[in-house]
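Everything on this sheet refers to the single structure shown next.
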Amino acid sequence: MKAENTGKTNSKKVSIIGAGAVGSSIAYSIMLKNIATEVVIIDINKDLCDAEALDIRHGISEMGATKVVSGDYSDVKDSDLIIITAGRNRKPDETRLDLAKDNIKIAQSIAEKIKEFYTKGIVLVVSNPVDVITNYMIKWLDLPEGKVFGSGCHLDSSRFTNILSDFLNIPPQNINSMVIGEHGESQVHLWSKVTVNNLPLIQYCKNLDINFSEEQKELIEKRVTGLGAEIIKGKGKTNYGIATCVSHIAQAVLNDKEITASVTVEIDEECEIDSVSMSIPCKISSKGAEKVLLENLTPDECSKLQASALAIKNFLN
Ligand code: NAD
């Protein structure tokens, strides 16, 4: 029996560069969502790559019929989506920006390979520090605006929603929240834009007589920002959360199922910030990422976003 096909999967090809914990979890997640016809995994560690592809491919086909194979850079040709996850991971107590030096070198060699075989498609950067690598990748690949973007704070936004869900004791599906700026220590939690059951958070809390103190907000922000490090301390990596976030983006790109998410794109004049790539709300579709106007941020959110831009810029010079 063939797997039920929930989306328009007419010959959709995805290339994933990096078969580590993140790359292979993304391949697995895309396969389970049944949103691509073929996923090719590429890694300098060919044995690992072959083994991951075989392992993912040999699941029950009713659960997902995507053909997952191991390949090489020539497979980038004709890909609708190219996902970059190669690079080393953070060690405990290391920030994402500490990774910059090693992973920029790896990313540059990958950009050269992509340029050699690129014919079409969207390029999504996941390797950390994702904002810094995306800054460079946009310049190196020189594709039309929005075709190269980074997963940015989509994961942090999902973490923010989940922590708020625990705090308010209501399902995360009823909460809309967003984190912008750096996918890292200086990220900005947009409290002014949080909605619960489609009501502004402030209104929801007032209706139910919930008191949200500044101290509680600070604790929540700290927890959200520190979750990556907390998970790495326990298991040495993070992979499942990012994999679902990336397959959410992949579905929007491959099936033209538009979503709005906080992802890394080049900023021009938002909040008087220019020439840096960082995470802001964007519409994502088969065309790539298109910026959504950042309206009505509070002065505090704006100044935090400027500080976040500066934190990223410091790693670009
Ligand atoms: P990992 O060490 O398990 O895997 C990295 C893989 O990259 C390895 O298999 C390695 O062989 C491969 N690689 C290295 N150089 C390569 C090259 N030139 N070409 C092809 N493959 C190459 O690491 P991981 O846990 O999978 O993490 C991968 C990256 O994703 C890290 O930079 C990590 O920080 C990042 N990450 C990002 C997010 C996010 O939200 N953006 C979340 C989690 C992890």
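Could you check how many residues of the stretch 94-142 are surrounded by 13 or more Cβ atoms within 10 Å (Cβ to Cβ), more than 19 Å from the chain's Cα centre (by Cα) and among the hydroxyl-bearing types (Ser, Thr, Tyr)?
Within the stretch 94-142, residues that are surrounded by 13 or more Cβ atoms within 10 Å (Cβ to Cβ), more than 19 Å from the chain's Cα centre (by Cα) and among the hydroxyl-bearing types (Ser, Thr, Tyr) number 1.
Can you find a residue that is farther than 17 Å from residue 239 by Cβ, surrounded by fewer than 20 Cβ atoms within 10 Å (Cβ to Cβ) and within 15 Å of the ligand (Cβ to nearest atom) anywhere in the stretch 86-93? It would help to see each step written out before you state the result.
Looking only at the stretch 86-93, we keep the residues that are farther than 17 Å from residue 239 by Cβ, and these are 93.
When the remaining residues are screened for being surrounded by fewer than 20 Cβ atoms within 10 Å (Cβ to Cβ), the result is 93.
Add one more test, that the residue is within 15 Å of the ligand (Cβ to nearest atom), and what stays is 93.
Yes; the residues of the stretch 86-93 include at least one that is farther than 17 Å from residue 239 by Cβ, surrounded by fewer than 20 Cβ atoms within 10 Å (Cβ to Cβ) and within 15 Å of the ligand (Cβ to nearest atom).
If I go through the stretch 271-303 residue by residue, how many of them are outside any strand (DSSP E or B), within 21 Å of the chain's Cα centre (by Cα) and either of a type in the set (S, T, N, Q) or buried (at least 18 other Cβ atoms within 10 Å of the Cβ) (or both)? Before the answer, list the steps.
So in the stretch 271-303, the residues outside any strand (DSSP E or B) come out as 271-275, 286-287, 292-303.
Now drop any that are not within 21 Å of the chain's Cα centre (by Cα), which leaves 275, 286-287, 292-294.
With either of a type in the set (S, T, N, Q) or buried (at least 18 other Cβ atoms within 10 Å of the Cβ) (or both) added as a condition, the list becomes 275, 286, 294.
The qualifying residues number 3.
Here are some conditions: (1) over 17 Å from residue 156 (Cα atoms); (2) touching a Ser or Thr at 6+ places or on another chain (Cβ under 6 Å); (3) surrounded by 13 or more Cβ atoms within 10 Å (Cβ to Cβ). Residue 247 meets all but one. Which one does it not meet?
Result: residue 247 fails condition (1) only.
Residue 67 is checked against (1) at pLDDT 90 or above; (2) surrounded by 19 or more Cβ atoms within 10 Å (Cβ to Cβ) and fails just one. What number does that condition carry?
Every condition holds for residue 67 apart from (2).
Residue 96 is checked against (1) away from the ligand (no atom under 11 Å from the Cβ); (2) modelled with pLDDT under 95 and fails just one. What number does that condition carry?
(1)
How do the pairs read when you match residues in the stretch 229-240 that are at pLDDT 90 or above and surrounded by fewer than 17 Cβ atoms within 10 Å (Cβ to Cβ) with residues anywhere that are of a type in the set (S, T, N, Q) and not in a helix (DSSP H, G or I), using Cβ under 8 Å and keeping only pairs 6 or more apart or on different chains?
231/238; 236/89; 237/89
Residue by residue, here is whether (1) at pLDDT below 95; (2) in a helix (DSSP H, G or I); (3) away from the ligand (no atom under 13 Å from the Cβ); (4) closer than 22 Å to residue 290 by Cβ holds:
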| site | (1), (2), (3), (4) |
| --- | --- |
| 127 | no, no, no, no |
| 131 | no, yes, no, yes |
| 134 | no, yes, no, yes |
| 152 | no, no, no, yes |
| 157 | no, yes, no, yes |
| 165 | no, yes, yes, no |
| 180 | no, no, yes, yes |
| 183 | no, no, no, yes |
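Okay, residues lined up against (1) among the basic types (Lys, Arg); (2) more than 20 Å from the chain's Cα centre (by Cα); (3) surrounded by fewer than 22 Cβ atoms within 10 Å (Cβ to Cβ):
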| residue | (1), (2), (3) |
| --- | --- |
| 154 | no, no, no |
| 166 | no, yes, yes |
| 186 | no, no, yes |
| 197 | no, yes, yes |
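Pick from the stretch 38-85 the residues that are among the small types (Gly, Ala, Ser), within 14 Å of the ligand (Cβ to nearest atom) and out of contact with any strand residue (DSSP E or B) (no Cβ under 8 Å at 6 or more places or on another chain): which of them is farthest from residue 24 (Cα to Cα)?
Of the residues in the stretch 38-85, the ones among the small types (Gly, Ala, Ser) are 51, 53, 59, 61, 64-65, 70-71, 74, 79.
This time we only want the ones that are within 14 Å of the ligand (Cβ to nearest atom), so: 51, 53, 70-71, 74.
The next check asks that each one be out of contact with any strand residue (DSSP E or B) (no Cβ under 8 Å at 6 or more places or on another chain); those that pass are 51, 74.
Details: 51: 10, 74: 19 Å.
Once the filter is applied, the top-ranked residue is 74.
Hey, among the residues in the stretch 242-268 that are in a strand (DSSP E or B) and of a type outside the set (A, V, I, L, M, F, W, C), which one's modelled with the lowest pLDDT? Talk me through it step by step, then tell me what you get.
Here is the first cut: in the stretch 242-268, the ones in a strand (DSSP E or B) are 259-267.
Still in the list and also of a type outside the set (A, V, I, L, M, F, W, C): 260, 262, 264, 266.
Details: 260: 97, 262: 98, 264: 98, 266: 94.
Ranking the qualifying residues of the stretch 242-268, first place goes to 266.
Tell me yes or no: at least one residue of the stretch 26-36 is more than 10 Å from the ligand (Cβ to nearest atom), basic (Lys, Arg) and touching a residue at least 12 places away in the same chain (Cβ under 8 Å). Please lay out each step first, then the result.
Of the residues in the stretch 26-36, the ones more than 10 Å from the ligand (Cβ to nearest atom) are 27-36.
Next, only the ones that are basic (Lys, Arg) stay: 33.
Within this subset, residues satisfying the condition of being touching a residue at least 12 places away in the same chain (Cβ under 8 Å) are 33.
Yes - at least one qualifying residue is present in the stretch 26-36.
The values are calculated or read from the model by the stated rules, or taken from the named source; none is laboratory data. Every value quoted in this text rests on a predicted model; they were computed, and no experiment measured them. In this analysis, Cβ positions are derived from the backbone assuming ideal geometry, glycine residues included, and neighbour counts consider all displayed protein chains.
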